[in-house]
Amino acid sequence: MLSIIIPVYNEVNTIEKIVLKIKKIKNLKKQIIIVDDGSTDGTSEKLKNIKSRLKIDKIIFNKKNRGKGHAIKLAQKSITQKFTIIQDADLEYNPKDYHKILKVLKKKKFKVVYGSRMLNTNHFKKNNFTSNIRLFANHVLTITSNIINSQNLTDAHTCYKAFDSSVFKKLKLCENGFSFCPEVTTKISNLGLDIYEVRISY
């Protein structure tokens, strides 16, 4: 039902923890695709050790760091499930929100769902953002994205971007770094598709 793409770079202390959190989500068929983006802190060795034990479906190893967008592009070719979501490995986002996101996608009215950290809350409340500067930057970038794409999102740069896989596999992504986020949002807009937001625990 859900292909989960996890781009990883130097997350030796959290990668096993996030996989275990994903594994605990019940009543959901999952495909876990991890792309190790040239880690140098022991993450690669950790992944090799836990692959069989945690039954990770696919691990792709980059010899050098190419960026989050490049990692996602590599994983894009391996998707097998009906829906796809992007999951960071640093534990900031909780997989328990998968069902909330999938509930919208399963209704088939929307083919793209973003998990918003800001929906129905004060934009200048710190939440779990690491700093007020980061919070303000996210707010400004979201406003800019909305102007460019004629959208009304509250959190355009959220990690939790989920798609009907038929749509996601058609996206011809070019960006290799974190600019993947504005690129995919713009390309969804260019396809004439609306993005639905759900509030996530953050």
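Calculated accessible area for the chain comes out at 50 Å² per residue, all protein chains present (probe 1.4 Å; ligands, DNA, RNA ignored).
Over every Cα atom in segment 59-101, the radius of gyration and the widest Cα-Cα span, Dmax, amount to 12.3, 36 Å.
Simple rule: put +1 on each Lys or Arg Cβ and -1 on each Asp or Glu Cβ in the chain, find the dipole, and look at GLY67, ILE79, THR43; the Cα lying farthest toward the positive end is ILE79. Legend: residue pairs LYS24/LYS51; LYS21/LYS187; LYS96/LYS172; LYS26/LYS106, Cα-Cα distance threshold 22 Å; pairs beyond threshold, LYS21/LYS187; LYS96/LYS172.
Would you work out if segment 75-121 is rounded, prolate or oblate? Take a ≥ b ≥ c from the square roots of the eigenvalues of the alpha-carbon gyration tensor; rounded if a/c is under 1.5, else prolate when a/b is larger than b/c, oblate otherwise. Taking the square roots of the gyration eigenvalues as a ≥ b ≥ c, segment 75-121 is oblate. Largest accessible area first, the residues THR43, THR154, THR144 order themselves as THR144, THR154, THR43 under a 1.4 Å probe with ligands, DNA and RNA left out.
LEU28 exposes around 20 Å² of accessible area when a 1.4 Å probe is run over every protein chain in place.
Accessible-area rank, largest first, for PHE83, PHE178, PHE61: PHE178, PHE61, PHE83, with all protein chains present and a 1.4 angstrom probe. Once C-alpha pairs closer than 8 Å and six or more residues apart are averaged by separation and normalised to the residue number of the chain, the relative contact order reads 26 percent. Working from the Cα coordinates of the chain, the gyration tensor eigenvalues give, after taking √(5λ), semi-axes of 25, 19, 17 Å in decreasing order. With the helix formula -39500 (n - 2.57) applied to DSSP H stretches of n ≥ 4, the chain reaches a computed 222 nm mean residue ellipticity of -10000 deg cm²/dmol. Per-residue SASA remark: TYR114, around 0 Å² accessible (1.4 Å probe; ligands, DNA and RNA not included). Using only the Cα atoms of segment 12-62, each taken as one equal point scatterer with no solvent, compute I(q) by the Debye sum, divide by I(0), and report log10 of the ratio at q = 0.16, 0.21 Å⁻¹. Treating every Cα as an identical point scatterer, log10 I(q)/I(0) equals -0.44, -0.73. Counting only whole DSSP H helices of the chain, the ones at least 24 Å long by C-alpha along their axis and with mean Kyte-Doolittle hydropathy no lower than -0.5 are 132-149.
Tally up the carbon and sulfur contribution to the accessible surface of segment 19-132 as a whole percent, 1.4 Å probe, everything protein left in place. Accessible surface attributable to carbon and sulfur in segment 19-132 totals 47 percent.
The largest accessible area among ASP97, ASP194 belongs to the first residue in ASP194, ASP97, and the rest follow in falling order (1.4 Å probe, all chains). Amide H to amide H distances under 5 Å link GLU11 with THR43, where only residues 5 or more positions off or on other chains count and H is placed in the peptide plane.
The values are calculated or read from the model by the stated rules, or taken from the named source; none is laboratory data. As the structure is a computational prediction, the values presented were derived from the model and not from experiment. In this analysis, Cβ positions are derived from the backbone assuming ideal geometry, glycine residues included, and neighbour counts consider all displayed protein chains. To get the accessible areas, we keep the full protein, side chains included, count just its heavy atoms, and leave off ligands, DNA and RNA. Shrake-Rupley method; radii C 1.70, N 1.55, O 1.52, S 1.80 Å.
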